[in-house]
Amino acid sequence: MIVRPSADGIAEAAKAASKKGPPPVHLWNPPFCGDLDMRIARDGTWFYLGTPIGRKGLVKLFSSIIRKDGDDYFLVTPVEKVGIRVEDAPFVAIDFEVEGEGRDQRLTFLTHVDDVATAGPDHPIRVARDPETGEPSPYILIRANLEALIDRKSFYRLVDLGTTEDVDGTGWFGLWSGGTFFQVIPAAELPS
């Protein structure tokens, strides 16, 4: 008898696994059961069978069991592992709070699924630039190999907090958080 993975079955398993806190997906090694027609769009919207999942609670539940192995994303329960598609990053950082200033500054981000992470050595910020347009795409590591794309309004606010520092003899515009300087763009490339 072949059992096909379903969103309902995955959701039930995730509920059961998360009753005692965040599910330990990094410890689970179930068999791969195929791909599920589930996709996370660049704006953080989750789709199942081409339809947006409108219930935030269900999206949060699925987001609690997502794992990235290599370049692929999976929903993982103790008994099954199914592939899903992620257009960019599985999370979107929709806001942040600032504590302190300068080298003592702490930037704490909130995602669209209510994850919270303070940028620092364990939660680095990185900025990828489109090779053709130079447009930046900023990210913060949220948990175990899973990043959040920092939304545009938050990135503009971050730019206002940026400063220029010397890194190995080169001036960089970037951000301090958690005692770490995160490079955004070479200072020489900043508009005058």
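Remark on the chain: Rg and Dmax equal 18.6, 67 Å (Cα only). Just check region 30-119 against the gyration tensor rule for me: Cα atoms, a ≥ b ≥ c as the square roots of the eigenvalues, rounded for a/c under 1.5, and otherwise prolate or oblate depending on whether a/b exceeds b/c. Prolate shape, in that a/c is at least 1.5 and a/b is the bigger ratio. Exposed loop sites, defined as trypsin sites (Lys or Arg not before Pro) outside DSSP H, G, I, E and B with at most 12 other Cβ atoms within 10 Å, are absent from the longest region of the chain, namely 56-192. Scaled against 2.2 N^0.38 Å for its residue count N, the alpha carbon radius of gyration of region 126-192 is 1.13. Summed over the residues of region 123-192 and divided among them, the accessible surface reaches 56 Å² per residue at a probe radius of 1.4 Å.
Ellipsoid fit via the Cα gyration tensor, region 83-180: semi-axes of 22, 17, 12 Å, each the root of five times an eigenvalue, largest first. Element breakdown for region 68-192 at a 1.4 angstrom probe: carbon and sulfur atoms account for 48% of the accessible area. Evaluated on region 18-77, the Kirkwood hydrodynamic radius is 12.6 Å, with distances taken between all distinct Cα atoms. Relative to the globular-protein estimate of 2.2 N^0.38 Å, the Cα radius of gyration of region 74-119 stands at 1.64.
Please give the net charge around I53, taking every other residue with its beta carbon less than 11 angstrom from that of I53, where Lys and Arg add +1 and Asp and Glu add -1. Taking every other residue near I53 into account, the sum is +4. The accessible-area ordering, largest first, of the residues L190, L75 stands as L190, L75, per a 1.4 angstrom probe.
The values are calculated or read from the model by the stated rules, or taken from the named source; none is laboratory data. Bear in mind that the values here come from a model prediction, so they are computed numbers and not experimental data. Please note: Cβ atoms are built from the backbone with ideal geometry, for glycine as well, and neighbour counts cover all protein chains shown. In case anyone asks, the SASA skips ligands and DNA or RNA and just uses the protein heavy atoms, side chains included. Shrake-Rupley method; radii C 1.70, N 1.55, O 1.52, S 1.80 Å.
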